[in-house]
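Coordinate-derived values only; no laboratory data. Quick caveat, the model's predicted, so the values are computed rather than measured. Here the Cβ is made from the backbone with ideal geometry for all residues, glycine too, and neighbour counts use every protein chain on show.
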Amino acid sequence: DQEIQRPHQPEDRRQEEGHRRDHPSGYRAHHALESITLDRLTAHYKQQVALKYAELVYDGLWFCPLREAIDAFVTSTQRDVTGTVRMKCLKGRASVAGIESPNSLYSPDLASFTMGQEYTPSDATGFIKLFGLQIKGRGR
């Protein structure tokens, strides 16, 4: 696992001495798994919640009920985040080379533009009309 050490910044409130240790390849691998196992809305909301979580912890509000609620939300999002991530390490940089998960939301059949049983062109018509209603109202 790749590890980066950085000295503490003066504004850092953590009580540890020495260096903080980060494992960016672990973060990249986990994020890659989330990218195929979380739906778009959940992943986006999780990013927003992460900012509030960091603020609460930074301000010393570890025992705040909101922090505990955010923990419960994040724990629930991780239920299906499992699988295998292949990493490629080259010149001190780690990148994702492949992702597999039994809980993947990705389906090659749905992602292709071939016409199969899952998709017909008429499906798009209804979607476009419904999705465009909010914009249509704004144009008046």
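By how many nm would the segment from LEU133 to LYS88 grow when fully extended, if each residue of separation counts as 0.36 nm and the alpha-carbon distance is taken off? Let's see the in-between values first.
Numbers: separation 45, 0.36 × 45 = 16.20 nm, distance 4.50 nm.
Computed gain between LEU133 and LYS88 is 11.7 nm.
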Simple label model, 7 Å out from Cα along Cβ direction - SER76 to ALA43, nm = 2.0 nm
